[in-house]
Structures are given as structure tokens and as C-alpha cells.
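A short reminder: the numbers here are calculations on the coordinates, not readings from a lab. The structure displayed is predicted, hence computed values, not measured ones. Positions of Cβ are backbone-derived with ideal geometry, glycine not excepted, and every protein chain shown enters the neighbour counts.
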Amino acid sequence: MSKYNVGVADTTFARVDMGAMAINEIENTTSKINLIRYTVPGMKDLPVACKILFDKYDCEMCIALGMPGPDEKDKVCAHEASQGIIMCQLMSGKHIIECFVHEDEAETPEGLIKVCDNRAREHAQNVIKLLFEKDWLQKNAGKGLRQGHPDAGPIKS
Amino acid sequence: MSKYNVGVADTTFARVDMGAMAINEIENTTSKINLIRYTVPGMKDLPVACKILFDKYDCEMCIALGMPGPDEKDKVCAHEASQGIIMCQLMSGKHIIECFVHEDEAETPEGLIKVCDNRAREHAQNVIKLLFEKDWLQKNAGKGLRQGHPDAGPIKS
Amino acid sequence: MSKYNVGVADTTFARVDMGAMAINEIENTTSKINLIRYTVPGMKDLPVACKILFDKYDCEMCIALGMPGPDEKDKVCAHEASQGIIMCQLMSGKHIIECFVHEDEAETPEGLIKVCDNRAREHAQNVIKLLFEKDWLQKNAGKGLRQGHPDAGPIKS
Amino acid sequence: MSKYNVGVADTTFARVDMGAMAINEIENTTSKINLIRYTVPGMKDLPVACKILFDKYDCEMCIALGMPGPDEKDKVCAHEASQGIIMCQLMSGKHIIECFVHEDEAETPEGLIKVCDNRAREHAQNVIKLLFEKDWLQKNAGKGLRQGHPDAGPIKS
Amino acid sequence: MSKYNVGVADTTFARVDMGAMAINEIENTTSKINLIRYTVPGMKDLPVACKILFDKYDCEMCIALGMPGPDEKDKVCAHEASQGIIMCQLMSGKHIIECFVHEDEAETPEGLIKVCDNRAREHAQNVIKLLFEKDWLQKNAGKGLRQGHPDAGPIKS
């Protein structure tokens, strides 16, 4: 059975090794994915890292993990990276699941690591769903799913 | 009679199943459209979902439904998604009707669901108009039409 | 004598029929232009409308008319639409004259309609100048011309 | 000796004729440049004007001159124009020297005209340097050069 | 042994000669890189400078160095330059390491020069790692590395 190549793009800037968490989650869940990790210095290097993963490493999909710092300029960086990640997807016609955790999303180191672990794993599952179980996503449309924090759930009248 | 393929891109992030509302509206109105639903995790996955719907599923038009949360960072996400949706249209030369409802657009759950239902259905009608009744749109140019809220109406001197 | 096709892209969202004003102005001024009107629901549909006018309707130039509402999110929409309109021009190598009137640009309904009428007509004239009288524009370089409001005029020392 | 075509894109919106200043500077400095002037209504028309100067007028480089007004919406226009000018350069692989003077950069009409004249001429010199004297630019790397205002100069420890 | 061409794009606007620092660092570290320096007037000229370095000078990678001033409009310039640098990478499928130092990042001239020197050298090392030691980057994923300031380090629970 042939496997799909999936790229894992992450950074040395991040303060938690979310790439390893995503890889662990995918390897624990399926043997149908061949993972290719590509680590770059910062978030703004992620769009082209994914482009290279698509074009030179023949990936079918990517997950891009980053951790913006708490300052205003870090938010701008994250915005630029997100715009590039969307453009890269449009140029390639392939999905990049963006998994960013803002350093100020939790109040303690333990809390932040927990958010990272949860989001990386849940977005790794989204990669798997997009590749193999699109039906699952469709069944959960409008269900208020979240990654890294508890699901918001559907709004009930 | 041949049918047009129309893509319905929506998310598991949304807290109301607007995709189902749009689908219901289209199916109730016409039999000339073949609907293809593509559900992704979040709003920022919508641009490439539409690209795939155009390129791989041979869609003639798409409707992209999403529900940005109430925080500032959700507004930034919606902005990035919108930019990507516009870029996708330019690359494809085809329309994507964007149907976003901000979670803070209504004060009660009932109110929000009503906005969602109304906007999804009215934008579904816009898809139909763009495909089959461009004249209707032209006759309503400058009429202050709205989706999800009452029409603002034309300004009268 | 062959005519130029010029696209008029406008919206049902606008509360004043600026498309009709622009069309009236062009028809009153020249018989060398063949107008093709394309009405879409909202401002963010204008970039691809112009792309279609260039690619499928063989237009040489477009005018895109829209009316952003008074809220912050309307300003964001207008910004996204403008970015898309610029991108569309770069992809096509052809001009799109953007004619947006913000709903809060005047204090009375009469005032707003007057701004719309004036701007639509003056930008319609800009379309004509770009097609047939580039010299006129060059002679007026740096002259502080405005559309919809009185000219600011050149700065004098 | 063959000459280079250089495009001068400017606007009727500007309140100072900076295009004439740039043209005068280039003509006074070199006979190796053939200037092609292209005047458009506003700043947001500049990106495609440069695209046309590259594609239809065979220009090797452009200078794009504009004068954003003092309001917030003018800053947004300038931002959109700048993004388009950068995109145009990337699509063409050729330089566009952007020469914008904000109407609120000086406190008197005389001061503003002086800023315009100085910036237009210094950026015209930058066009010449990029075409014929790249070495000069390299020798001045990190020197804190400015256009329109006095050089900031290098930072000294 | 064949060498890689690496482009060094920098500006005359910057007030510290960071290009020289990056060049010195690369030359001191490896003989496998052939450096091509391309100096432009300002930050917004950097994206196309890198495009030219890729297309005409056959570079495999670039480093783009700039120094935004302290004002709000300088932040906007830096944002536009960053967006263009990301777009250039996507169009070329090659990395550009962005090395920007904001003029207000340090409180004294000595401090600022130190930030510049450190960041230019550490990002020069990132260029080398991306070309020759991708493994090193992967081993440091999630380690909170910084350039120009001390490493933030990994978050520990």
C-alpha cells in the first residue's frame, strides 16, 4: 500500500517542540503517512518551507507549527506568516494545517505546554481526517470544534 | 439538462451548521445545481478548499461559510481568510460567495442562529442569481440589499 | 470604427445606484465605448467580477463601484476589495478605476447622493481619459484633482 | 548607444507635480535614459500603470510618485498602493522606486514643496544608480541615507 | 567542489552596515558559498532585489537586511517589505532569511550596533544551516532560539 508524504514544518523560534508532538500523534494513529520534517528559524520561513515540501519532497499535505511571541510585532509576524501559508496553499492546491500557539495563550508554563500538546495533536488529527476521513469533518461541520482549548460546541437555541 | 457543480465549503470551527442551511436553500430552489460539500477545520482552510473544489471537483462557483469568534485574533483570521478567498477567485476566474457570521453579531443564541440561517439562505440565493439570473442582480444594483439583517434599502433624498 | 468594451462592476449592497450614474456619464460623453454591466452582491465580489469582465467579456478597462458601510468591519471589507482590485489589474495588465463612496462621507442623504453622482461621473470621465486622452491626465499631473468633492488643487508656495 | 526606457508613473491626485521634478533631475543628469511618463488619477492606479510601462512600453525600471492625503483612509490607500507596487516588481523582476510624500510631512506649503522636490530628485538619482552605478549604492550600504529629509547618517558607537 | 551562490540584499537606508556583518560571518565560516551583494535604497526595494538575485544571479538563497525607523509609517513599510519577501520566496521556491533590526530595539547606539551585529551573524549562520546542516535546525526545533537578543530557551514545566 502506498503512503502519503506529509510535511511537518516547524521552527527553532518556538519555545515548545510542537513538531515532535504532531509527529508522535500521527505515528501513533496511522502507518499510512510518511512524515518529512523541515525545521526553519522562524514563522515567516514557514510558507516557503511548505512550498519546498510540496515541490521538492512531493508532500500531499503539510502541518505548519509556530509560536508567536507576546509582543505586537510578533502578532504582525504571525499575520504575515498566515497570509503566506494561505498563498502557498492556493499556489499548490494543497492543504497546510496551520498550528500556531501564541505565547500568551496560557498563564503558566504547564498551561502553555498543555495547549501546545493538545493543539498539535488535534491538528495532526485534522491532517489525518483531511487525507482519509473527509466524511468525519463533514459530520462535524458547525459543531464548534476547537484545538488546544475545549470545544466551544454548537450554539443551541 | 446538464447541471452546474457548486461547492459548499464550511468549517468544524463554526458553531452553527450554516453549510446545511445553504444546501437546503439551494435544493429547495432549483434542481439545476449539483452540490459538493467540503468541510475543513477552520476559516483559514477555506481558500484552498475552494481552490480544490474548482480544480478537482470541477465546480463553477463556491459558497464559503465561516463563523469568526468574538476576539481580536478571530477578526485577523477572518481578514486573512477573506484575502485568500479573493485571491482564489482571481486565480480561478470564478465566484466564491463569502458567507461569514461573526459570533458577536447577535445578543442571544436564538438571534445568532437566525442571522446565520438568513445569511446562509440569502447568499445561497445569490449563488443562484449569479449562475442563472444575472439580470435580477442588475435590477437590484444600488438597492442596499443585505444578508442576515434587514435590507438597508436605497438612500432617498 | 471599432469600440472599446468597458466593464461596469457594481453591487446590490450599495445604497445608491452609482453604476447607472457612471453609465449615463459615459453614454452622454462618447459613442466609442460599449458598456457591459456586471452586478454582484457585495464589494468583495468586485475583483473577480472585473477578472471575468476582462477574460470573458473582452473588456479593455473596468470601473468598479461600491459603497462601504459606516462600521469598522465595512472598512476592512473595502480594504480587502481594494487589494483584490489592484491584484486583478496586475494579473490583467489593465486598469480598473475604483469608485468607492463611504456611507459616512456626507451628513445628509442628499449630500451622499451628490457625492456618489459626482464621483461616479468624474471617475467615468477618468475611464474615458485613460482610453482616449492620456495627454489630458499628464497635463493635470500634480494638480490635486478630486472626485466626489471639490478639487484640492495644487499647493502653492 | 542604446538608451534605457524608464517609466515615470504619477497622479492627478497629487498636489505637487513631482513627476516633472523627477523628469527634470534625470534629464539634467544623463542622456542615457528615455523617459516615458504615464499619469493616472490616483495612487491605487500606480501599480498597474507600472505593469503597463514594463509590458507595453518596454521599460527597464519605473519611478512611481504619489501624495497621500492627511486622513486615515489616505494612509490605507498608500498602503494598498505600496503592496501593489511591490507585487508588480515581483511579477516583472524589475525595480519600481516608490516616491510618496505624505501631505502632512511638512508644516508649510513651502516646506512640503521642498520635501517633494528633494525626494523626487533623490529618488530619480536612485533610479540612475540602480541602472548605472550599483557600486555607489553598495558603498553607501548602511549609511542612513534619506530622501526628502536630511540623511540620518550611520549610527556611531 | 561547486559553490552555492547566496545573495545579500541590503539598503542605504539602514544606519548600520549589517550586510558587511553578514558577509563577514559567512566568509569566516565557510568557503562553500559565493556571495553576491545587492544594495538598494530602502526596505521596500528588498523583495525585488531578491527576485533578481534568484533569477539573474542564480542564487540558491538570500539574506535580506533592513532597519525600519522608529515611526509608525516605518512599521508599515517593514510590514509591506516582509509580505513581499514572503511572496518572493513562494514565487521562487527558495529561502530568504529576513534580518530586520528596528531602530528602537535598543536604548543606546552601542546597544543597537550590538543587536545588529549579533542578528546579522546569527541569521548568516541560519543561511549556512539551511544550506548545509538542516539536521542542526531540526535538533533545535522548539528550543526558543533568538537572533540579536539572548535565546528565550525552551519552556519548562
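Among C:Met43, B:Met21, C:Met91, which comes first, then next, by fewest other beta-carbon atoms within 10 Å?
Listing C:Met43, B:Met21, C:Met91 from fewest to most nearby Cβ atoms yields C:Met91, B:Met21, C:Met43.
Report, in whole Å, the centroid distance computed from the Cα atoms of the range B:1-41 and the range B:86-155.
14 Å
Step through the table entries E:Lys75/E:Lys114; C:Lys56/E:Lys94; B:Lys56/C:Lys56; A:Lys56/C:Lys94, compare each Cα-Cα distance with 31 Å, and write down the pairs that go over it.
In this structure, C:Lys56/E:Lys94; A:Lys56/C:Lys94 exceed 31 Å between Cα atoms.
What are the residues whose amide H is under 5 Å from the amide H of B:Met61, where those residues sit 5 or more places off or on another chain and H is modelled from the backbone?
Sorted by chain and number, the residues that satisfy this are B:Gly7.
Report the local net charge at C:Gly19: Lys and Arg +1, Asp and Glu -1, summed over other residues whose C-beta lies under 9 Å from its C-beta.
-1
Classify the range E:17-157 as rounded, prolate or oblate from the Cα gyration tensor: take a ≥ b ≥ c as the square roots of its eigenvalues, call it rounded if a/c is under 1.5, otherwise prolate when a/b beats b/c and oblate if not.
It comes out rounded by the Cα gyration axes.
Charges at C-beta only: +1 for Lys and Arg, -1 for Asp and Glu. How large is the resulting dipole of chain E about its Cα centre, in Debye rounded to 20?
The dipole of chain E has a size of about 620 debye.
Cα gyration tensor of the protein assembly as shown, axes a ≥ b ≥ c as square roots of the eigenvalues: rounded (a/c below 1.5), prolate (a/b > b/c) or oblate?
Oblate, since a/c reaches 1.5 and b/c is not below a/b.
To the nearest 20 Debye, how big is the dipole of the protein assembly as shown about its Cα centre, given +1 on the beta carbon of each Lys and Arg and -1 on that of each Asp and Glu?
Around 2160 debye, computed over the protein assembly as shown.
With θ set to phi - 60° and the Karplus curve 6.51 cos²θ - 1.76 cosθ + 1.60, what are the ³J(HN,Hα) couplings of the range E:62-67 in order, to the nearest whole Hz, using x for Gly and Pro?
Each residue's phi maps through the Karplus curve to give 9, 10, 10, 10, x, 9 Hz.
Name the shape class, rounded, prolate or oblate, that the alpha-carbon gyration tensor gives for the range D:86-157, where a ≥ b ≥ c are the square roots of its eigenvalues, rounded holds for a/c under 1.5, and otherwise prolate holds if a/b is larger than b/c and oblate otherwise.
Since a/c reaches 1.5 but b/c is at least a/b, the shape of the range D:86-157 is classed as oblate.
Under 13 Å from the Cβ of E:Asn118, count the other residues' Cβ atoms, weight Lys and Arg +1, Asp and Glu -1, and hand me the total.
Cβ neighbours under 13 Å give a net charge of -2.
Taking a point 7 Å out from Cα toward Cβ as the label site, list the nm distances between B:Asn34 and the same residue in every other copy, smallest first.
Inter-copy label distances (nm, one decimal, shortest first): 3.4, 3.4, 5.4, 5.4.
Copy-to-copy spacing for A:Glu107, label 7 Å out on the Cα-to-C-beta vector, in nm, shortest first?
3.0, 3.0, 4.9, 4.9
Using θ = phi - 60° and the Karplus relation 6.51 cos²θ - 1.76 cosθ + 1.60, list the HN-Hα couplings for the range E:34-40 in order, rounded to whole Hz, with x at every Gly or Pro.
9, 8, 10, 8, 9, 9, 10
Taking a label point 7 Å from Cα toward Cβ, how far is D:Lys56 from its twins in the other copies, in nm, shortest first?
Here D:Lys56 shows inter-copy label distances of 2.5, 2.5, 4.0, 4.0 nm.
Quick one: which residues, 5+ away or cross-chain, put their amide H under 5 Å from the amide H of E:Asp10? H built at 1.01 Å from N.
E:Tyr38, E:Thr39, E:Val40, E:Leu65
When Lys and Arg each count +1 and Asp and Glu each count -1, what net charge do the other residues less than 9 Å away from D:Gly144, Cβ to Cβ, add up to?
+2
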